[in-house]
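Below is one structure, written out as structure tokens, with a few remarks after it.
Since every read-out is calculated from the coordinates, none of them should be taken as a lab result. Since the model is a prediction, treat every value here as computed from it, not as a measurement. All Cβ positions, even for glycine, are placed from backbone atoms using ideal geometry, and neighbour counts span all protein chains on display.
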Amino acid sequence: MNTQITTTAKRMYLLITCLFLSFLLSQCFLTQDRTTVVYGTITDQNGEPVDSILVLIDGVKGFRYETLKEMYSGKNGTYELVLEVPRKYSSVDVIIPFGSYVNPKFQKYYKDKLAVKNDKPTNDCCIATIGDKTKYDFQLIPR
């Protein structure tokens, strides 16, 4: 009988150890790097860089959007946003907002934009992959 208890105890110990190791390994493989980089250049219809254009990254949670980071394009028209996206967001959108208050230069001189994602024209604007580096170049369309 002692042999049977010892064998059962060993099996239980082995089972618990295997379950614990499985849990640890699954946590290692399930953790996703959520550092997201969005960068690119903003140009006019002639390919000239445009500065002072506001670019936002909005986190998407269900049907709600929250601005996570923002910046204005530099003198050479470039921008780069780097952020750690919180887990509560399922995706992130890259936005050039309309409105004279938030983006006066865009509102005054431009009516729309064309987007190029990772060097390919796209109509599916403007979702960035969480945990990845995404390039969005924008060509602004004058009024």
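Phi angles across the range 110-119 convert, under the Karplus curve 6.51 cos²θ - 1.76 cosθ + 1.60 with θ = phi - 60°, into 3J(HN,Hα) values of 10, 10, 6, 8, 10, 10, 10, 9, 6, 6 Hz, Gly and Pro given as x.
If I take R0 = 25 Å and measure r between the Cβ atoms of residue 46 and residue 70 in this structure, what FRET efficiency does the formula 1/(1 + (r/R0)^6) give, to the nearest 0.05?
Values: r = 26 Å, r/R0 = 1.05.
Given R0 = 25 Å and the Cβ-Cβ separation, E is 0.45.
When 133, 117 are arranged by Cβ crowding within 10 Å, least crowded first, meaning fewest neighbours, the order is 133, 117. Under 24 Å Cα to Cα from residue 117, which lysines show up? Leave out anything in the same chain fewer than 8 places away. Partners within reach: 61, 69, 75, 105, 133, 135.
Modelled label positions at residue 34 and residue 100, each set 7 Å beyond Cα in the direction of Cβ, lie 3.9 nm from each other. Close amide H partners of residue 134, meaning residues 5 or more places away or on another chain with modelled amide H under 5 Å apart, are 37, 38, 39.
Sorted fewest first by neighbouring Cβ atoms within 10 angstrom, 34, 87 come out as 87, 34.
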